[in-house]
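> Take this structure, written in structure tokens, and hold onto it; I'll ask about it next.
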Amino acid sequence: MNKWLLYVVSVFMLTLLVGLGACGQATGGDLLQSDEPRETAPDVGDTDLEALVEGNSDFAFDLYQQLRDEEGNLFYSPYSISLALAMTYGGARGETEAQMADALSFSLPQNQLHPAFNALALELESRGEGAEGKDGEGFRLNIVNAIWGQLDYEFLSDFLDLLAVNYGAGLRVLDYINSPEESRITINDWVADQTEGRIEDLIPPGLINAMTRLVLTNAIYFNAAWNYPFEEDMTEDGIFNLLDGGEVTVPMMSQSEHLGYAEGDGYQAVDLPYDGEELSMVILLPDSGQFEAFEAALDAATVAGIIEDIDYREVDLTMPKFEFDSSFSLSQALSALGMPVAFSTSADFSGMTGNRDLYIADVVHKAFVSVDEAGTEAAAATAVVMELTAMPDVVEVSIDRPFIFLIRDIETGTILFVGRTLNPA
């Protein structure tokens, strides 16, 4: 089995698709160039890539277990979150570094981890040549990163070079001290632009203030047509059964195709390829009455085993159209996963400035997904907001029933998005 398949869940936030940070396409804030360009041919072996993908998959489902108690539908990009926090991790030292590595399942040392992230991003950037998007335009999988620092606040050149070389992220200068609200709007506008307007107001009012010194952001946008589109005239209203025993009537799409399929104790799985057959949506459908038990046991190894069992056969598929978004403050979830010190005034991010003067005030994430007869549009963004430690610590087959889904890159196994649909209405 290709170990990359273990990375079933990692996708939305910044690794410039064409070296944005290094090329200087500033959309807000003056861009300070690192002397180092992005490395476009990193010397990374298969073993390191497999370790990164496996760790990212573990994190993806560890985070799912933290988020699944949220009410209603759920959608997020573990890949975006991992990327934004990997950039932050580049400046972590001591206990902060150790806790972050454990919580994020980073098994590689820093000098191998960041080139591996770069190599994986470059691999993903190559996807979709000649393929179609859901909207009739070309396939898009755009992944971009940017960092936003306080005017005249000094960051170590080694830290800025690390982000430029491995993440294509240049430092954009804002004035949080005198213009916190304008700075927040600038970052949010950049995110909206990178996600074709699907992620707006990523950073909520009040999170950026005069104590903010650095914001690290990632954005990802995905737009792909199905390899086997559903016929619109086959879509009819149908019943979707809710967890509480109720029912809703929603538009249900139907098709009969040769699709990837697996079944096991308590579930069915269907693999729907996108145009070009380089990425797919895997739908995990627990048996009736088994959703809670299946969800509680879900982890990267389980998903990898299911994907390994997928075989192709004729499938009569009925599934709902759906569209929704999710937003999270991730500080409590990440603290529960084992990195509380990063959110405290005891944090050590001296690799950024040479001093232990910064901590993570919050990690915010937003994601959007739309699935219809033509294909899938998905977007996500993550922001890591860092403040001076002088601030007090702030911790803030017939798919007619609830299901879990993810969007993956087939060759590497990278999980770009993970979600669940409890009520498509």
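> Against the definition (at pLDDT below 85, farther than 24 Å from ASN188 by Cβ and either of a type in the set (Val, Ile, Thr) or assigned by TED's automatic domain parsing to the domain that holds GLN65 (or both)), how does VAL397 come out, yes or no?
Answer is yes for this residue.
> Further question: What is the residue count in region 161-170 for residues that are buried (at least 24 other Cβ atoms within 10 Å of the Cβ) and either more than 21 Å from the chain's Cα centre (by Cα) or part of a loop (DSSP other than H, G, I, E, B) (or both)?
Looking only at that region, the number is 3.
> Among the listed residues ILE310, ILE283, identify the single one that is closer than 30 Å to ALA383 by Cα, outside the structural domain of GLU200 (by TED's automatic domain parsing) and of a type in the set (Val, Ile, Thr).
None of the other options fit; the residue is ILE283.
> Which ones in region 107-139 are assigned to a helix (DSSP H, G or I) and of a type in the set (S, T, N, Q)?
GLN110, ASN111, GLN112, ASN118
> Taking strands (runs of 3 or more DSSP E) that do not extend beyond region 324-425, which have at least 1 residues that are among the aromatic types (Phe, Trp, Tyr) and in contact with a strand residue (DSSP E or B) (Cβ under 6 Å, 6 or more places away or on another chain)?
So the answer is 358-371, 403-409, 415-421.
> Have a look at LEU113, LEU120, LEU156, LEU174 and point out the one that is in contact with a strand residue (DSSP E or B) (Cβ under 6 Å, 6 or more places away or on another chain), surrounded by 15 or more Cβ atoms within 10 Å (Cβ to Cβ) and either of a type in the set (A, V, I, L, M) or assigned by TED's automatic domain parsing to the domain that holds VAL384 (or both).
Every option except LEU174 fails the conditions.
> Separate question: Name the residues in region 88-119 that are touching a Phe, Trp or Tyr at 6+ places or on another chain (Cβ under 8 Å) and polar (S, T, N, Q), would you?
Matches in region 88-119: THR88, THR96, SER105, GLN110, ASN118.
> Still on this structure, please answer the following. I need the full set of residues from region 258-293 which are surrounded by 20 or more Cβ atoms within 10 Å (Cβ to Cβ) and assigned to a helix (DSSP H, G or I), in order please.
PHE291
> Any chance you could count how many residues in region 330-359 are of a type in the set (S, T, N, Q) and farther than 20 Å from GLN66 by Cβ?
5
> Would you check which residues across region 259-281 are within 18 Å of GLU314 (Cβ to Cβ) and in contact with a strand residue (DSSP E or B) (Cβ under 6 Å, 6 or more places away or on another chain) and list them?
Hits for region 259-281 are LEU259, GLY260, TYR261, ALA262, GLN268, ALA269, VAL270, ASP271, LEU272, PRO273, SER280.
> Being of a type outside the set (Lys, Arg), touching a helix residue (DSSP H, G or I) at 6+ places or on another chain (Cβ under 9 Å), part of a loop (DSSP other than H, G, I, E, B) and farther than 30 Å from ASP135 by Cβ, is that true of even one residue in region 237-251?
There is at least one residue in region 237-251 that is of a type outside the set (Lys, Arg), touching a helix residue (DSSP H, G or I) at 6+ places or on another chain (Cβ under 9 Å), part of a loop (DSSP other than H, G, I, E, B) and farther than 30 Å from ASP135 by Cβ.
> I would also like to ask the following. From VAL282, VAL248, VAL191, grab the single residue that is closer than 16 Å to GLY375 by Cβ and touching a Leu at 6+ places or on another chain (Cβ under 7 Å).
VAL282
> In region 109-133, which residues are farther than 18 Å from PHE159 by Cα and hydrophobic (A, V, I, L, M, F, W, C)?
ALA119, LEU120, ALA121, LEU122, LEU124, ALA131
> Next question. Give LEU214, LEU202 a once-over and let me know the one that is at pLDDT 95 or above and in contact with a helix residue (DSSP H, G or I) (Cβ under 6 Å, 6 or more places away or on another chain).
LEU202
> List, please: which pairs have Cβ atoms under 7 Å, are six or more places apart or on different chains, and start with a residue in region 33-52 that is more than 19 Å from GLU125 (Cβ to Cβ) and end with one that is assigned to a loop (DSSP other than H, G, I, E, B) and modelled with pLDDT of 95 or more?
ALA51/SER107; ALA51/LEU108
The values are calculated or read from the model by the stated rules, or taken from the named source; none is laboratory data. No experiment lies behind these values; they were computed from the predicted model shown. Ideal geometry is used to build each Cβ from the backbone, glycine not excepted, and the neighbour counts take in all protein chains shown.
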